[in-house]
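S.K.: Could you have a look at this structure, given as structure tokens, before my questions?
The values are calculated or read from the model by the stated rules, or taken from the named source; none is laboratory data. Please read all numbers here as calculations on a predicted model, not as lab measurements. Virtual Cβ from ideal backbone geometry, glycine too; neighbours counted across all protein chains shown. In case anyone asks, the SASA skips ligands and DNA or RNA and just uses the protein heavy atoms, side chains included. Shrake-Rupley method; radii C 1.70, N 1.55, O 1.52, S 1.80 Å.
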Amino acid sequence: MFDDEDIEDYYEEEQDRQAAIERYEDMLKTHDATYFDSAEFEYIIDNYVEKNQLRQSREAIDLAMQQHPESSVLKIKEARQYLLEGQAENAFQILQHIERDEDDEPDYFLVLGSCLAVLGKSKDALENYFNALPYFDEDEKFDLYNAIAYEYQRLQKLDLALDFYQRALALATDENNERETIYHEIRCCFLGKGRKDEAIAFFQRLVDEDPYNSKAWTNIGDCYRMMGEYEQSIDPYEYALAIDPEDIWTNMHLADIYYDLGRYKESIDTLEEALRNGVETSIIHTSLGDCYYRLNDLQTAEEHFRKALEMNEMNGGGWAGLGYISSDMGDSKKAIKYFEKAFQLEPWETEHLYSISADYRKLNCLDLSMQYLRKIQEMNPRDPDSYYYIADLYGEMDQVDEAINTLQYGLIQTDNDSALLYLLAYAYFIKGNRSQGLETLNQALEADFDAWPDFLEYDKELLSNDVEIIDLIELHKKSHDIQSENNA
């Protein structure tokens, strides 16, 4: 606890700080040349940095260095300024030439550690962070513990990272979502080591201690969701929302779970509950549009997509949603315009290009359809779908040799994707090349036996009545059944 002398010192320093800041800002208004001692510049610079007013802190530092060019403490603050401005190399150069004294060392070690961390030198950063630790009381070490944990995490020393994240957690407050951020990192460390049960157990202990810890409940749900155990994630998310119904990301995660499980009405209920609780965003309306689209309620889906775009016209998902609706209603020209808008906003999302290609194909503009598929192939040469649809389009154009060449190249790029093998087998049978067709079908059945019914759907008359094809499938079926029995 503070004694009376500490309190008096605090108030005296605070008065000095405010006086220095006011005098500095008066100087800026009057443009008078004014002298400030080194300690006053510290107050002034820190005031602007704390407010994230980097332009003002830069001006103060430049003046400070003019008046006190030899001050080591101000040089450290200049290095920190460069670091905040994204110029880590400049910061590092300054720190290399500082003649520091003992009073400067805590800040020196902290800034140098941060600088080295930005430069990717985690081991050197850790050394400086540990040098700084003895200068701080335990209740002042939150940022240091967090920084140390992060560097250990970057070095994949996850046990050490967990140790320091938990130390930081013991000092965390609700300010700036400190606990929530550390929960996320702790979860990542556990799951990064494949220790999913320990991750869940950790957060379970937190909710055992405090059943109203909504963020801990959310992290339990996140653990299950990231492990693909969607059903188990539902209850923790529900508990979290019962405690904090305005938590938008938990709302979205739960809605996504229901969506992925095909439980669209429950996803809608979750999202509409968020709306009733005053949580309304463009993303929520896009998700509602997706759900109603899946339920084939195109009118309600369109209403939500348009509401999403009213709130944020830069929402690519909203434009894509309108594209799907227009395409389903037979207006491919309008659909293409919507998908192109979506792709402009989300240029990484190749699904929009597939949709454009599909609608050009509906319009019988096969060259344009091919053009967009080629664009996908350029963006992601290992995407098997691009080779599949390019080959399929060549087939529609009666260019079977081109389809075969595309599939052969695609198999090289995708490590023999099974869907490409099945389509290549079909292409060989169309060409009348039975030996290569049977050989490729054999490879496809070995790669993914369960996909053979889809293969027959390519051309039932040609494939389902072929005795050699059916015999080959039956041979693999017997082998598959025996293997399944042995595994059971």
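S.K.: All but one of (1) open to solvent by less than 10 Å² (accessible area, probe 1.4 Å); (2) over 17 Å from His253 (Cα atoms); (3) more than 17 Å from the chain's Cα centre (by Cα) hold for Ile220, so report the exception by its number.
M.R.: (2)
Results for (1) in contact (Cβ under 8 Å) with a residue 24 or more places away in the chain; (2) farther than 17 Å from Lys341 by Cα; (3) basic (Lys, Arg), shown as yes or no for each residue.
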{"position": "Leu288", "(1), (2), (3)": "no, yes, no"}
{"position": "Cys291", "(1), (2), (3)": "yes, yes, no"}
{"position": "Asn296", "(1), (2), (3)": "no, yes, no"}
{"position": "Thr300", "(1), (2), (3)": "no, yes, no"}
{"position": "Glu303", "(1), (2), (3)": "no, yes, no"}
{"position": "Leu309", "(1), (2), (3)": "yes, no, no"}
{"position": "Gly323", "(1), (2), (3)": "yes, no, no"}
{"position": "Ser327", "(1), (2), (3)": "yes, no, no"}
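S.K.: For the range 46-134, list the helices (runs of 4 or more DSSP H) that sit wholly inside it and hold at least 1 residues that are over 29 Å from the mean Cα position of the chain (by Cα), over 29 Å from Phe164 (Cα atoms) and among the aliphatic types (A, V, I, L, M); which are they?
M.R.: Ranges flagged: 54-67, 72-84, 88-96.
S.K.: Which of the helices (runs of 4 or more DSSP H) contained wholly in the range 262-373 include at least 3 residues that are more than 30 Å from Leu393 (Cα to Cα) and either touching a helix residue (DSSP H, G or I) at 6+ places or on another chain (Cβ under 8 Å) or open to solvent by 40 Å² or more (accessible area, probe 1.4 Å) (or both)?
M.R.: Output list reads 264-276, 282-294, 298-311.
S.K.: Return the only residue of Asp454, Asp450, Asp367 being acidic (Asp, Glu) and in contact (Cβ under 8 Å) with a residue 24 or more places away in the chain.
M.R.: That would be Asp454, the only listed residue that is acidic (Asp, Glu) and in contact (Cβ under 8 Å) with a residue 24 or more places away in the chain.
S.K.: Looking at Phe130, Phe164, Phe142, which is the one that is without any contact (Cβ under 8 Å) to a residue 24 or more places away in the chain, aromatic (Phe, Trp, Tyr) and crowded, with 19+ Cβ neighbours inside 10 Å?
M.R.: Just one listed residue meets the conditions, Phe164.
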